[in-house]
Amino acid sequence: MSKIIVGLLNYGAGNSSSVRNTILKLGFRSRLINKPEDIKGVAALLIPGVGAFPAAMKSLSELELIEPIQEFSHQGNAVIGVCLGMQLLADASHELAYTRGLELIPGEVKPIGKPEWHIGWNTLEVIQQEDIASTSDGRSFYFNHAYEFEAPPEYVVAVSRVERPVVSMVKKNNICGFQFHPEKSQLDGLRLMGKAIKELCDA
Amino acid sequence: MLRKRLIGVVTIRNGWAIQSFGYRRYLPLGKPECLVENLDRWGVDEIFIQEIDRSHRELGPNIELISKIADQGLSTPLLYAGGISNEAEAVSIIRAGAERICLDALLHSNPKEVLNIANRLGAQAIIASIPLSLDENGNCHWFNYQSGQNSDFSTALISLIDDGAISEALVIDKNNDGTPEGFNFKLLSVFADKKIPLIAFGGLSTAKQLEHALLNPRVSAVAVGNFLNYREHAVQKFKTSLATTPIRPPFYKTRNLV
């Protein structure tokens with residue numbers, strides 16, 4: 001088993017159980033992050049996510065985790081967001097009500113528009129040279145979302161096409177987000193998740 | 001390209017996976033977790049667990065089972081239906097390891113709560129399970145398992161669909177469930193004036209039928225229960241036969257993660 005400890009945010013609406021099993025399956029150690037003190041000693045923070053943006057930010061706020069996450073990231077540590085977890089990395093979201101995010105990667109979360117949802121397996125189009133995604137171009141991953149992270153082009157690593165390209169992966173230095181669920185994307189997802197944790201922690 | 005999905009359905013009653021025939025007659029298949037493990041290994045696109053006696057017996061969702069299945073380390077998205085009556089239960093299902101929930105009884109008993117769940121989890125996490133039948137005059141009826149009665153669609157259900165509180169409708173051919181080649185494709189036209197994506201389920205047993213469903217632009221997925229359990233690697237075999245449809249190609253699990 002790897003010595004890397006991945007801290008898994010346990011904030012109420014995330015599918016933390018599925019993600020935790022994936023981390024363990026990949027050979028990393030895992031620790032549930034329920035309070036700020038739990039972050040000490042972890043090599044990477046993973047923000048899982050199924051749910052609505054305002055409720056998730058409210059939960060992070062109630063657990064007093066917002067500032068510790070920002071501080072952890074500003075120190076150059078690895079932060080990975082999955083699905084809603086990726087959207088939480090943004091400056092703000094327009095889901096249900098305008099809500100500020102973690103402000104770790106510039107951009108705002110807005111409705112996909114047409115169609116209203118992006119559900120199912122879709123291929124990744126890697127549009128920017130990025131080691132983590134290099135072997136995932138053209139592979140299929142599982143998406144399940146209605147809102148999209150509109151980030152500046154320099155942070156968009158990959159898109160997936162619905163009726164138009166939708167941002168599916170973002171990265172800024174030590175911070176990375178997947179709009180899809182690598183933990184539920186079978187072999188390709190497991191490989192990508194393992195690569196992301198390893199490379200971001202080694203960086 | 002966004003692919004259409006083949007959903008593997010595991011139906012559970014009294015804690016056991018069963019084969020269902022029109023939701024009237026049942027044969028035991030074994031432990032649910034074994035069937036789920038097979039579907040995960042065979043590369044089905046989503047796994048749908050439906051516990052058909054949880055609402056009726058007021059047992060609530062089976063969090064213990066979902067956790068047990070999640071702890072197997074599934075790498076396939078999990079959908080769950082069974083006994084969900086409020087937002088807290090819906091959240092607990094997601095926390096236990098499912099990605100999406102499927103609602104049936106609540107659509108009849110408390111549609112307002114469906115809206116609360118959508119606000120908490122997002123509509124993309126919610127599927128409406130809609131068992132339907134057509135009578136001899138071609139009239140469509142919505143079946144309520146709790147009361148055993150047929151009815152027309154309620155205005156509350158229509159509102160939930162129109163307002164986007166539900167992301168997909170699972171159209172169940174109630175009378176042809178478990179019947180080989182039974183699915184009545186006329187049921188899909190019931191939603192012709194709605195934009196909600198449809199999942200076809202109930203009596204889909206052959207590649208030809210699945211192809212027919214998947215080539216319908218309104219259909220985002222097909223769900224198959226009994227007929228995936230008759231033969232080893234049924235998922236890959238179905239998918240290989242469906243190469244002309246926009247379904248995700250077959251997947252073969254290997255032990256190598258890197």
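I'd like the GluC sites (Glu not before Pro) in segment A:148-203 restricted to DSSP loop residues with at most 12 other Cβ atoms within 10 Å, sorted by number.
Values: sites: A:Glu148, A:Glu150, A:Glu154, A:Glu163, A:Glu183, A:Glu199; in loops: A:Glu163.
Qualifying residues, ordered by number: A:Glu163.
Taking the inverse of the average 1/r across all pairs of different Cα atoms in segment B:119-258, what Kirkwood radius in Å do you get? Mind dumping the intermediate values first?
On the way: mean 1/r = 0.0609 Å⁻¹.
For segment B:119-258, inverting the mean 1/r across all distinct Cα pairs yields 16.4 Å.
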Handout entry: Loop GluC sites (Glu not before Pro), segment A:60-103, which have at most 12 other Cβ atoms in a 10 Å radius of their Cβ (DSSP)
Key = A:Glu64
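Going by C-beta contacts inside 10 Å, put B:Lys208, B:Lys237 in order with the fewest on the left.
On the way: B:Lys208 10, B:Lys237 15.
If I rank by nearby Cβ atoms, fewest first, I get B:Lys208, B:Lys237.
Defining a contact as two alpha carbons under 8 Å apart and six or more residues distant in sequence, what relative contact order in percent does chain B show?
On the way: 520 pairs, mean separation 50.1, N = 258.
Here the relative contact order equals 19 percent.
Based on the Cβ-Cβ distance from B:Phe21 to A:Leu96, what FRET efficiency comes out when R0 is 51 Å, to the nearest 0.05? Each step should come with its number before you reach the end.
On the way: r = 43 Å, r/R0 = 0.84.
With a Förster radius of 51 Å, E is 0.75.
With a Förster radius of 41 Å, plug the Cβ-Cβ distance of B:Ser189 and A:Glu130 into 1/(1 + (r/R0)^6) and report the FRET value to the nearest 0.05.
On the way: r = 45 Å, r/R0 = 1.11.
With a Förster radius of 41 Å, E is 0.35.
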Practice task
Give me D for segment B:203-251 in µm² s⁻¹, whole number, from Stokes-Einstein with Rh from the Kirkwood sum over alpha-carbon pairs, 37 °C and 0.692 mPa s.
Solution key: 298
Completion exercise
With N residues in chain B, Rg(alpha-carbon) / (2.2 N^0.38 Å) equals 0.94
Handout entry: Residue order, fewest to most beta carbons within 10 Å, for B:Leu215, A:Leu9, B:Leu121
Key = B:Leu215, B:Leu121, A:Leu9
Handout entry: Longest exposed-site-free window of chain B, the sites being GluC sites (Glu not before Pro) in a DSSP loop that have at most 15 other C-beta atoms within 10 Å
Key = B:59-135
Practice task
Find how many whole Å separate the alpha carbon centroid of segment A:74-153 from the alpha carbon centroid of segment B:182-242.
Solution key: 30
Fill in the blank from the handout: So B:Asp53 and B:Asn86, fully extended at 0.36 nm per residue minus their Cα-Cα distance, gain in nm 10.2 nm
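On a 20 Å Cα-Cα criterion, which of the cross-link pairs A:Lys58/A:Lys184; A:Lys114/B:Lys112; A:Lys114/B:Lys195; A:Lys40/A:Lys172; B:Lys4/B:Lys208; B:Lys4/B:Lys195 come out too long?
Details: A:Lys58/A:Lys184 26 Å; A:Lys114/B:Lys112 26 Å; A:Lys114/B:Lys195 11 Å; A:Lys40/A:Lys172 22 Å; B:Lys4/B:Lys208 16 Å; B:Lys4/B:Lys195 16 Å.
Violating the 20 Å limit, Cα to Cα: A:Lys58/A:Lys184; A:Lys114/B:Lys112; A:Lys40/A:Lys172.
In µm²/s, what is D for segment B:81-153 at 25 °C and 0.890 mPa s, where D = kT/(6 pi eta Rh) by Stokes-Einstein and Rh is the Kirkwood radius from Cα pairs?
Numbers: Rh = 13.1 Å.
The estimated diffusion coefficient comes to 187 µm²/s.
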Exercise for the section: Take the Cα pairs of segment A:87-126, get the Kirkwood Rh, then feed it into Stokes-Einstein at 10 °C and 1.306 mPa s and tell me D in µm²/s. Expected result: 138
Handout entry: Pair-distance profile P(r), taking every C-alpha pair of the protein assembly as shown, with 20 angstrom steps and integer %
Key = 27, 59, 14, 0
Completion exercise
Longest chain B segment clear of chymotrypsin sites (Phe, Trp or Tyr not before Pro) sitting in DSSP loops (not H, G, I, E or B) with at most 13 other Cβ atoms within 10 Å runs B:1-229
Fill in the blank from the handout: Expressed as a whole number, the average count of other chain Cβ atoms within 10 Å around the Cβ atoms of B:90-100 is 5
Problem - Rg(Cα)/(2.2 N^0.38 Å) for segment A:5-202, N = residue count - result: 0.91
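Below 8 Å, C-alpha to C-alpha, sequence gap of six or more: please give me the relative contact order for segment A:5-202 in percent. All intermediate terms of the calculation are to be shown ahead of the outcome.
Working: 449 pairs, mean separation 38.1, N = 198.
Computed value for segment A:5-202: 19 percent relative contact order.
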Exercise for the section: Could you work out the local net charge near B:Gly22, counting Lys and Arg as +1, Asp and Glu as -1, over the other residues with Cβ closer than 13 Å to its Cβ? Expected result: +1
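For A:Glu183, what is the net charge nearby, where nearby means another residue's Cβ is under 11 Å from its Cβ and Lys, Arg count +1, Asp, Glu -1?
Working: positive: A:Arg20, A:Lys25, A:Lys184; negative: B:Glu99.
Neighbour charge sum, excluding A:Glu183 itself: +2.
If you rank A:Met193, A:Met57, B:Met1, A:Met1 by fewest surrounding Cβ atoms within 10 Å, what's the result? Write down the numbers at each step before the final one.
Working: A:Met193 27, A:Met57 20, B:Met1 12, A:Met1 8.
Fewest to most other Cβ atoms nearby, the residues stand as A:Met1, B:Met1, A:Met57, A:Met193.
Coordinate-derived values only; no laboratory data. Please read all numbers here as calculations on a predicted model, not as lab measurements. Neighbour counts run over all protein chains shown; Cβ positions are idealised from the backbone, glycine included.
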